[in-house]
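The values are calculated or read from the model by the stated rules, or taken from the named source; none is laboratory data. On a predicted model such as this, the values are computed, not experimentally measured, just so you know. Backbone-built Cβ (ideal geometry, glycine too); neighbour counts: all protein chains shown.
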Amino acid sequence: MLAPPRIATAGRLQSARLLALVVPSALLGGALLSEYVGKLYPCEMCWWQRYPHGVAILLALGALLSPQTALRTRVLTCLAAVAIAVSGAIGVFHAGVEYGWWEGLTTCTTSGATSLQDIMNVPLIRCDQVQWSLAGISLAGYNGLLSLGGALLILILARVRTA
């Protein structure tokens, strides 16, 4: 069997690198928009989902700034995909807590509170209550679906083909 052309492999890695930046940026941007524009304050587990996206963005930027032929480019891209998948796994866990499939945290959080007055004005957000949903899927559920799907696609595109 003939080996695939190198151009096709390079194009797949380039697509993987771009997706590794676009997926977490879009999901983190959506979370921030829902908070600051939509006034949907995050609970503790919502915050947990954001951190891996930030890590993925940094790893993806490192991959984009590295030469495409360098081994570190593929490694950074795959690590970004793993970070995105971690956020997705947290999102699936959080959605399960919201829907009562399993027990979650018992703590709540106040978002954006920097003073006692802020704490008094910001509502307590429980991790086991859905603030917003579309077609029966919460924001945590969408993060889980989109993150895990995006991570899988990135890993498929970044894989090394052998002849």
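For this structure, a couple of remarks:
- The listed residue being at pLDDT below 85 and surrounded by 20 or more Cβ atoms within 10 Å (Cβ to Cβ), out of 5, 42, 52: 42
- Pairs meeting the criteria (first residue in the stretch 70-91 and surrounded by 23 or more Cβ atoms within 10 Å (Cβ to Cβ), second residue aromatic (Phe, Trp, Tyr) and part of a helix (DSSP H, G or I), beta carbons under 8 Å, at least 6 apart or on different chains) are 87/51; 91/142.
- Test: residue in the stretch 58-69 that is at negative phi, touching a residue at least 60 places away in the same chain (Cβ under 8 Å) and among the hydroxyl-bearing types (Ser, Thr, Tyr): no
- Test: residue in the stretch 14-33 that is farther than 19 Å from residue 154 by Cβ and over 18 Å from the mean Cα position of the chain (by Cα): no
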